[in-house]
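Quick note: the coordinates plus some simple rules give every number you see, no bench work behind them. Given the structure is predicted, the values throughout are model-derived calculations rather than measurements. With ideal geometry, Cβ positions are generated from the backbone for all residues, glycine too; neighbour counts draw on all protein chains shown.
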Amino acid sequence: MKFGVIVFPGSNCDHDAYHVISKHVGQPVDFIWHRDTNLTDYDAVILPGGFSYGDYLRAGALARFSPVMNAVKEFAARGGLVLGICNGFQILCETGLLPGALIRNRDLHFICEHVQVRVETTETPFTNQLEGGRVLRIPIAHAEGNYVCDDATLDELESEDRIIFRYCDERGRATAAANPNGSRDNIAGICNRERNVLGLMPHPERACEDLLGSSDGRDIFRSLAATLAAIV
Amino acid sequence: MRAKVYVTLKPGVLDPQGKAIQHSVELLGFNGIADVRQGKYFEIALDPSLDGERARDAATRMAREVLSNPVIEDYRVEIVEA
């Protein structure tokens, strides 16, 4: 199995993602420059966090026009696994691979802290090694992480079991107080209808070593690897 | 030929920046402000050979596909001479 980490101008979590795949998942991984247009060698691609194109216009809006994004769309349509983290999630929404949008945090601050998220479903290639309802401690670092969508989209996400992570407190309760940025329904991560494209605002790649305060993010990457081990 | 494009948040979409701006102008002594909504304004110089209708079509497409995000924003296009 082979992983790719896409590098946009302004990506800054690309090395973290690369490190996690090579060290903790133990699989081959390449950086993919945003001008590349061939993803045929890869089984999973990661759109990392950062500030692609300086967040000009809207976060993720200009990255959508990078040459690699057409390849990502085709890759996703073929069933390839796509993981968008933070700015990667914003790009996936702007590209239309995921529904909804991410707007300024409710309280305007850039928030950089560890939060709790609850695993809402294990029926995805990204969470199948986790237990449903488990509370993960993972950092967030964003100014535009406030997930919004219309009522019809929310109903669809709910009924199709596509809300993958919700912000919660230590005891796993998705309360308003545990919602750091005002996201609708405490949503921290969602997937597409085909379940092969996941976007989330928290940074699991920054939570893979106890030395960094948490290793809870590791099981997301392990799930991804386990999924690929079964099919590749 | 110039296009003016106004992008505004849809009604009901939270605008924390607008709220913060409202608070600041109130501190300046302005009262009775019910609401402030922040938007974006673009000026696009278009090919002068385009006629009005084609200029509007082009600017509308830019507004719809790039300048605004239809999930959260509305847009309005004006075409002006020079």
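For the residues A:Asn128, A:Asn146, A:Asn105, A:Asn87, the requirement of being under 16 Å from A:Gly189 (Cβ atoms), touching a residue at least 12 places away in the same chain (Cβ under 8 Å) and within 14 Å of chain B (Cβ to nearest Cβ) singles out A:Asn146. The set of residues from the stretch A:31-65 being surrounded by 15 or more Cβ atoms within 10 Å (Cβ to Cβ), of a type in the set (Ser, Thr, Tyr) and under 30 Å from B:Gln38 (Cβ atoms) comprises A:Ser52, A:Tyr53. Residue-level analysis places B:Gly32 outside the set of residues that are within 14 Å of chain A (Cβ to nearest Cβ) and free of Cβ contacts under 8 Å to residues at least 40 places away in the same chain. When residues in the stretch A:31-53 are screened for being farther than 17 Å from A:Met69 by Cβ and under 19 Å from the mean Cα position of the chain (by Cα), 1 of them pass. Within the option set A:Ile187, A:Ile164, being farther than 21 Å from A:Ser215 by Cα and hydrophobic (A, V, I, L, M, F, W, C) holds for one residue only, A:Ile187. The single condition among (1) farther than 27 Å from A:Thr153 by Cβ; (2) surrounded by 15 or more Cβ atoms within 10 Å (Cβ to Cβ); (3) more than 13 Å from the chain's Cα centre (by Cα) that B:Val71 does not satisfy is (1). Out of all the residues in the stretch A:149-176, which are away from every other protein chain (no Cβ under 13 Å) and of a type in the set (Asp, Glu)? If the condition is that a residue be away from every other protein chain (no Cβ under 13 Å) and of a type in the set (Asp, Glu), then A:Asp155, A:Glu156, A:Glu158, A:Glu160, A:Asp161, A:Asp169, A:Glu170 are the ones that fit.
In contact (Cβ under 8 Å) with a residue 40 or more places away in the chain and either within 24 Å of A:Thr95 (Cβ to Cβ) or surrounded by 21 or more Cβ atoms within 10 Å (Cβ to Cβ) (or both), is that true of A:Val232? Spelling it out, it is not the case that A:Val232 is in contact (Cβ under 8 Å) with a residue 40 or more places away in the chain and either within 24 Å of A:Thr95 (Cβ to Cβ) or surrounded by 21 or more Cβ atoms within 10 Å (Cβ to Cβ) (or both). Scanning the stretch A:131-143 for residues that are part of a strand (DSSP E or B), more than 14 Å from chain B (Cβ to nearest Cβ) and in contact with a helix residue (DSSP H, G or I) (Cβ under 9 Å, 6 or more places away or on another chain) yields A:Leu136, A:Ile138, A:Pro139, A:Ala141.
You will find that of A:Val68, A:Val115, the residue that is more than 14 Å from chain B (Cβ to nearest Cβ) and surrounded by 23 or more Cβ atoms within 10 Å (Cβ to Cβ) is A:Val68 and no other.
If I filter the stretch A:200-215 for residues that are on the phi < 0 side of the Ramachandran plot and in contact with a Leu (Cβ under 6 Å, 6 or more places away or on another chain), do I get at least one hit? Looking through the stretch A:200-215, none of the residues is on the phi < 0 side of the Ramachandran plot and in contact with a Leu (Cβ under 6 Å, 6 or more places away or on another chain). Only residues that are basic (Lys, Arg), within 14 Å of chain A (Cβ to nearest Cβ) and out of contact with any helix residue (DSSP H, G or I) (no Cβ under 7 Å at 6 or more places or on another chain) were counted across the stretch B:35-54, and they come to 1. Does the stretch B:3-18 contain at least one residue that is closer than 20 Å to A:Phe65 by Cβ, in contact (Cβ under 8 Å) with a residue 40 or more places away in the chain and within 13 Å of chain A (Cβ to nearest Cβ)? Within the stretch B:3-18, one or more residues are closer than 20 Å to A:Phe65 by Cβ, in contact (Cβ under 8 Å) with a residue 40 or more places away in the chain and within 13 Å of chain A (Cβ to nearest Cβ). The requirement of being under 23 Å from A:Leu102 (Cα atoms), touching a Leu at 6+ places or on another chain (Cβ under 7 Å) and surrounded by 23 or more Cβ atoms within 10 Å (Cβ to Cβ) is fulfilled nowhere in the stretch A:9-28; no residue meets it. Could you tell me which residue of the stretch A:205-229 is surrounded by the most Cβ atoms within 10 Å (Cβ to Cβ), considering only residues that are in a helix (DSSP H, G or I), among the charged types (D, E, K, R) and in contact (Cβ under 8 Å) with a residue 60 or more places away in the chain? Among residues in the stretch A:205-229 that are in a helix (DSSP H, G or I), among the charged types (D, E, K, R) and in contact (Cβ under 8 Å) with a residue 60 or more places away in the chain, the one surrounded by the most Cβ atoms within 10 Å (Cβ to Cβ) is A:Glu205.
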